[in-house]
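Engineer: My questions will all concern the structure given below.
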Amino acid sequence: MERVADVAKSPAQPAEPARANDYDSFAEAYAVENENGLLNAYHERPAMVALAGAVAGRRILDAGCGSGPLSAALRDRGAVVTGIDSSAGMLALARRRLGDDADLHVADLNDRLPFADGAFDDVVASLVLHYLEDWGPTLAELRRVLRPGGRLIASVDHPFVAYTIQEPRPDYFATTSYTFDWTFNGQSFPMRFWRRPLHAMSDAFAAAGFRVAAISEPQPDPAARELYPEGFQALSTRTSFLFFVAEVPPCAAGSDE
């Protein structure tokens, strides 16, 4: 699920876990705010597309596809895209964007996915892993649905950002949750995320059987310089998101695919 750039945040505060991250309750407003914002449209999505590279003909699972902008960008480049999200409201918007024949499924990344082993060449997970307390089962499941030699391309909140938004600052080396509100049209919605140090992220990929091929901190799209001059300067000089390319090792020589 992608992050909104220009939505007001209130200071971190307690939120009811049962209500947190309820995208169905603000799907329309979220999608509108998300569509053209600096962080999403001119930083996170272009970076994900660039890391994916040449995708024509590749079978890609968009894990946490939201309203479908990344799926659309990859499909426009020739990929065969399947989208999953835990929010039926967001998937309805994705279907509106991608068409009635789009391959979209309501699925929770905490559960077993409804796909065969090795069904995909790539998985993209755009700003979704930081919703999870434990990456282990989810990464193992994403690895299962990837073919040997496949890739997981993921973006998350940069651990330095997650560490510095609260005062007093938490233990950087601990995996802990934090909460805040997103505000749309005067109405606040509680959000809950999990912070973890960089080494815990890389360890989780390794434990699930991935090889981390790249860790990236890309710059925003230069096209945003004129559209968001102040925001562009700030985003160009501070951390925001962290990107990973994690590969499934190819089969050993002489083994079957």
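The values are calculated or read from the model by the stated rules, or taken from the named source; none is laboratory data. Because the structure is a prediction, the values reported are computed rather than measured. Note that each Cβ is placed from the backbone with ideal geometry, even for glycine, and that neighbours are counted across all protein chains shown.
Engineer: Among the polar types (S, T, N, Q), surrounded by fewer than 17 Cβ atoms within 10 Å (Cβ to Cβ) and within 21 Å of Y178 (Cβ to Cβ) - does that describe any residue in region 235-244? If you could, list the steps in order and put the result at the bottom.
Structural biologist: Of region 235-244, the ones among the polar types (S, T, N, Q) are 236-237, 239-240.
With surrounded by fewer than 17 Cβ atoms within 10 Å (Cβ to Cβ) added as a condition, the list becomes 236-237, 239.
From what is left, the residues that are within 21 Å of Y178 (Cβ to Cβ) are 239.
Scanning region 235-244, I find at least one residue that is among the polar types (S, T, N, Q), surrounded by fewer than 17 Cβ atoms within 10 Å (Cβ to Cβ) and within 21 Å of Y178 (Cβ to Cβ), so the answer is yes.
Engineer: So how many residues does region 68-93 have that are within 19 Å of R58 (Cβ to Cβ) and either assigned to a loop (DSSP other than H, G, I, E, B) or of a type in the set (A, V, I, L, M) (or both)? Can you show your working first?
Structural biologist: In the first step, residues of region 68-93 are kept if they are within 19 Å of R58 (Cβ to Cβ); the result is 68-84.
Of the ones still in play, those that are also either assigned to a loop (DSSP other than H, G, I, E, B) or of a type in the set (A, V, I, L, M) (or both) are 68, 70, 72-74, 77-81, 84.
Within region 68-93, residues that are within 19 Å of R58 (Cβ to Cβ) and either assigned to a loop (DSSP other than H, G, I, E, B) or of a type in the set (A, V, I, L, M) (or both) number 11.
Engineer: Mind checking which residues of region 201-228 are more than 15 Å from F243 (Cα to Cα) and not in a helix (DSSP H, G or I)?
Structural biologist: Those that are more than 15 Å from F243 (Cα to Cα) and not in a helix (DSSP H, G or I): A208, G209, D221, P222, A223, Y228.
Engineer: Next up: So for region 44-57 (the condition being assigned to a loop (DSSP other than H, G, I, E, B), modelled with pLDDT of 95 or more, within 26 Å of V106 (Cβ to Cβ) and hydrophobic (A, V, I, L, M, F, W, C)), does at least one residue qualify?
Structural biologist: Kept after step one, since they are assigned to a loop (DSSP other than H, G, I, E, B), are these residues of region 44-57: 53-57.
In the following step, the residues that additionally are modelled with pLDDT of 95 or more were identified as 53-57.
Of the ones still in play, those that are also within 26 Å of V106 (Cβ to Cβ) are 55.
If we keep only those that are hydrophobic (A, V, I, L, M, F, W, C) too, we end up with 55.
Yes, because at least one residue in region 44-57 is assigned to a loop (DSSP other than H, G, I, E, B), modelled with pLDDT of 95 or more, within 26 Å of V106 (Cβ to Cβ) and hydrophobic (A, V, I, L, M, F, W, C).
Engineer: Return yes or no: is S155 crowded, with 20+ Cβ neighbours inside 10 Å and in contact (Cβ under 8 Å) with a residue 60 or more places away in the chain? Give the derivation first.
Structural biologist: Numbers: crowded, with 20+ Cβ neighbours inside 10 Å: yes; in contact (Cβ under 8 Å) with a residue 60 or more places away in the chain: yes.
Considered against the rule, which asks whether it is crowded, with 20+ Cβ neighbours inside 10 Å and in contact (Cβ under 8 Å) with a residue 60 or more places away in the chain, S155 comes out as yes.
Engineer: In this structure, is I84 β-branched (V, I, T) and without any contact (Cβ under 8 Å) to a residue 40 or more places away in the chain?
Structural biologist: Yes: the conditions hold for I84.
Engineer: Another question, then. Exactly one condition in (1) at negative phi; (2) at pLDDT 95 or above is not met by F180; state its number.
Structural biologist: Failing condition for F180: (2).
Engineer: Then there's this: Give region 158-193 a look and list any residue that's under 22 Å from L39 (Cβ atoms), in a strand (DSSP E or B) and without any contact (Cβ under 8 Å) to a residue 60 or more places away in the chain, or say none.
Structural biologist: So the first thing to find is which residues in region 158-193 are under 22 Å from L39 (Cβ atoms), and the list is 158-166, 177-193.
Okay, now just the ones that are also in a strand (DSSP E or B), so 177-184, 187-193.
Of everything in region 158-193, just one residue is under 22 Å from L39 (Cβ atoms), in a strand (DSSP E or B) and without any contact (Cβ under 8 Å) to a residue 60 or more places away in the chain, namely S177.
Engineer: Considering only residues of region 115-142 that are assigned to a helix (DSSP H, G or I) and either of a type in the set (G, A, S) or in contact with a helix residue (DSSP H, G or I) (Cβ under 9 Å, 6 or more places away or on another chain) (or both), which is nearest to G68 (Cα to Cα)? Let's see the steps before the verdict.
Structural biologist: Quick first cut of region 115-142, residues assigned to a helix (DSSP H, G or I) only: 129-131, 136-142.
Now narrow it down to the ones that are either of a type in the set (G, A, S) or in contact with a helix residue (DSSP H, G or I) (Cβ under 9 Å, 6 or more places away or on another chain) (or both): 129-130, 136, 138-140.
Details: L129: 17, H130: 19, G136: 25, T138: 21, L139: 21, A140: 24 Å.
The residue in question is L129.
Engineer: Select from region 143-157 the residues that are under 16 Å from I60 (Cβ atoms), among the β-branched types (V, I, T) and assigned to a strand (DSSP E or B) and list them in ascending order.
Structural biologist: I153
Engineer: How many residues are over 13 Å from Y30 (Cα atoms) and in contact with a strand residue (DSSP E or B) (Cβ under 6 Å, 6 or more places away or on another chain) if we restrict to region 66-94?
Structural biologist: Looking only at that region, the number is 11.
Engineer: Would you confirm, using the coordinates I've provided, whether S188 is more than 28 Å from R143 (Cβ to Cβ), touching a strand residue (DSSP E or B) at 6+ places or on another chain (Cβ under 9 Å) and surrounded by fewer than 17 Cβ atoms within 10 Å (Cβ to Cβ)?
Structural biologist: Numbers: more than 28 Å from R143 (Cβ to Cβ): yes; touching a strand residue (DSSP E or B) at 6+ places or on another chain (Cβ under 9 Å): yes; surrounded by fewer than 17 Cβ atoms within 10 Å (Cβ to Cβ): yes.
For S188, the condition - more than 28 Å from R143 (Cβ to Cβ), touching a strand residue (DSSP E or B) at 6+ places or on another chain (Cβ under 9 Å) and surrounded by fewer than 17 Cβ atoms within 10 Å (Cβ to Cβ) - is met.
Engineer: Residues that are part of a loop (DSSP other than H, G, I, E, B), among the hydroxyl-bearing types (S, T, Y) and under 17 Å from the mean Cα position of the chain (by Cα): does region 26-34 have at least one? Break it down stepwise before answering.
Structural biologist: At the first step, the residues of region 26-34 found to be part of a loop (DSSP other than H, G, I, E, B) are 26.
In the following step, the residues that additionally are among the hydroxyl-bearing types (S, T, Y) were identified as none.
Within region 26-34 (the criterion being part of a loop (DSSP other than H, G, I, E, B), among the hydroxyl-bearing types (S, T, Y) and under 17 Å from the mean Cα position of the chain (by Cα)), the answer is no, since none of the residues qualifies.
Engineer: Still on this structure, please answer the following. Kindly provide the set of residues from region 203-237 that are in contact (Cβ under 8 Å) with a residue 12 or more places away in the chain and basic (K, R), ordered by number. It would help to see each step written out before you state the result.
Structural biologist: First, pick out the residues of region 203-237 that are in contact (Cβ under 8 Å) with a residue 12 or more places away in the chain: 204-205, 207-221, 223-224, 227-228, 231-232, 235-236.
Result: R211, single match.
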